[in-house]
Amino acid sequence: MDRPTAAAFSPQRFRLGDVLVSKGLVNAEQLAQALELQKTTGRKLGRALTELKFVTDEQIAQVVADQLGIQFVDLRHRELDGTLVRRLSEAQARRFRALVLEQQPDALLVGMVDAGDMLSFDQIGRVLKATVRPAVVTEEALLGAVERIYQRKEELAGLASQVAADVGEVLNLSGLESSATADDAPIVKLLNSIFQSAVTRDVSDIHIEPQERSLQIRFRIDGVMQVQSSPDARIAGAVVQRLKLMANLDISEKRLPQDGRFRIKVSATTLDVRISTLPTQFGESVVMRLLAQNVDRMRLDALDIPEPILKRLRATLTASSGMVLVTGPTGSGKTTTLYAALAELNRPATKIITVEDPVEYRQPGLNQVQVNDKVDLTFSRVLRACLRQDPDVILVGEMRDTETAEIGLRAALTGHLVLSTLHTTSAAGTPMRLRDMGVAPYMVALGVRLVLAQRLVRTLCAHCSVEAEPAPHELEWLAAGAEQDAAGPPLRARRGTGCPACHGSGYRGRTAVYEMLEMTPALVHLANADDPAGFAAEARRAFAAFTLRRAALTLVRAGRTSLAEAMRIGSGL
C-alpha cells in the first residue's frame, strides 16, 4: 500500500527584502538597517524588520504567501478544531512550527511559519500519514494558538513525571543541587517550559501553590488569574528548591517567608524575576513577578498618559525641589510610571539615588539602594544617608511610615526633587493621608507639588469586541455619577465575546487611566488648615476633566474597554 504523500508543492526562491521594497512596504534605507541588524544578531530578515517596526508580521506573512502561491491564514480570526490540531503532538507542533488547520476534501491544510521549509513539510506529511497542503501563518499567532490549545500540558506532564521519578517520594537534596546547573535536568526543563509559556502569553506573575494532591500553577494575565497546570504534588519540593537556588535563598529554611530575585533569558526576552516564598499548609507557595527589561516601556510618552496631564507632569519634573507622588493599589503600574520619569531625568549632569524594596528595574546611571530590614537598612535610615550624598533627585519606593514621609518631605523642601508612591484610593485623598500618618500640615502643603493617581484597565480584544447595551446595574452606576461625568457623545458600550486572539477572555492587554492633582495656592492653604472637606471640594474643582472615572469612561466611549471593566477597577472611579 502506498504511503500518502504531500500535496504537490515546489516553492520558488525569492529575496524577501527585494519583494518588500518592490511592494513599497519598506524603502532601501530601512532594508539596509534591517540587514545590518540581521548581520549583528543572526536573526532572520523578517524578524529584524518587525523588531525595527518597519513592517508587521502579518504583512510579511502575506507577502510570503503571495510569492509561494499559497494561502495566508490569520489565526487570530480562526476557530480551530482541537481534535484536528492534536493530530500533531505538542512537541511536533513546536518543532515544525506548524498546526493542522482544516480537513479539506483532498488534503489536510497545515499552517506553517516557514512554509518554504521543504524538509519540515515532508516530515509533517509522514507524521500525519495524509496528503498535506501548506498555508502561511505568523509565528506570534501560531505560538498563541499552541499555548491555547495544548497549554503545554503534554510537555509539562511529561517533565513533571520525570521530576517525580528523579525525586521519588522523598526529595534527594544532594541530587537536586548537583543537577542545578545541568541544562538537561528534568527540573530545569520543567521551569524553562513554564517561563516560555509565561513569556508567550504576556504573564505578569507566576503562582506556584502546593495543594493536598497537586501542585497548582497559575498565571496572572491582564490582572486576572488563570490555571495553567496541576502536576503531581510530589514535585512541589523540587520545584521550590530549584527556584530558591536560582534566587540564592536559604533552601534549608522552610518555616519563614523569603524574598529574592534572579535574571533569566527566555528566547530573546530577558526577565528580571522577583520571587517571594510563603509557608502554607501543604508546602511553600511561590509567587514570581516577571519584569521584562523593555526600554520602550521606560518612557513617559509610551504610557498612554493624556497630553494635558503629561505636559504638567513633565513641567513638574523640571523643578529643582518638591515631591511628586504616584498613588494607586498594588499592581497598578506605579513603579513603571516612576521609572519612566527617571528615564527622562537620567542625565550625566543629574545625580539620582533610588531607595527601594525591592529594586524592580535596573537602570545604568542610577544609584540604586536595596532596603534590608534584617540589618536595619530601613527606608528612613537610607534616606538620611542619601541626603549626605548630594543628590539632585531621590526616588523612595514607598512612603510606608511617618518617619520616611517626614524625611522625604524635608528633602523636598530643601532643594531635592523627590519621587515616591503611596497607597491611596484617589489623588485628592493623598495630602490628607499624609496628615493622617502624622506629618505636619505645613510640610504636606509646601512639600507636595503633584499627585498622580492611576489604575490599570483591561482593553477589549480588537478582534471580537461588539456593541452591547449597558446592563441595568451598569446604567445605575452611570446614573449615580452623572454629575461627575464630562459631557460628550452618547455612550456606545462594547464588550468582548472571546476569540482565539484573546484566549476567549474578550480582553487583550491593559492600559492605564490617570487623574492628577496639582497643588494650587488655594489647595496649599486648605491643606495647611484643618479643613478636609474644603480641601476635597477644592480638589474636585481642580481636577477639571481629569478624574479616574472620566478617564475610564473616555476609554469606554472610544471602544477600548467595557463598562464592566470601568466599574471593576475600584471605588476610586
*Kindly express, to the nearest 10 degrees and within the range 0 to 90, the angle between helix 307-317's C-alpha long axis and the longest C-alpha principal axis of the chain.*
60
*Take every Cα pair under 8 Å in segment 209-343 that's 6+ residues apart, average their separations, divide by the length, and report that relative contact order as a whole percent.*
16
_Please report the projected area of the chain's Cα convex hull averaged over all directions, in nm²._
32.2
*asked:* Please report the carbon-and-sulfur percent of the accessible area for the chain; probe 1.4 Å, protein heavy atoms only, DNA, RNA and ligands left out.
replied: 49
*Radius of gyration and Dmax for segment 239-352's Cα atoms, expressed in Å?*
18.6, 53
*Sum up the lysine pairs in the chain that clear both bars: alpha-carbon distance under 20 Å and a spacing of 8 or more or different chains.*
13
*asked:* Just the number please: accessible area per residue for the chain, 1.4 Å probe, all protein chains included, in Å².
replied: 47
*Could you rank LYS254, LYS39 by how accessible they are, 1.4 Å probe, largest area first?*
LYS39, LYS254
*With each run of n ≥ 4 DSSP H residues scored as -39500 (n - 2.57), what mean residue ellipticity at 222 nm is computed for the chain after dividing by its residue count and rounding to the nearest 500 deg cm²/dmol?*
-11500 deg cm²/dmol
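The values are calculated or read from the model by the stated rules, or taken from the named source; none is laboratory data. This is a predicted model, so every value here is computed, not measured. Heavy atoms of the whole protein, side chains included, go into the accessibility calculation; ligands, DNA and RNA do not. Shrake-Rupley method; radii C 1.70, N 1.55, O 1.52, S 1.80 Å.
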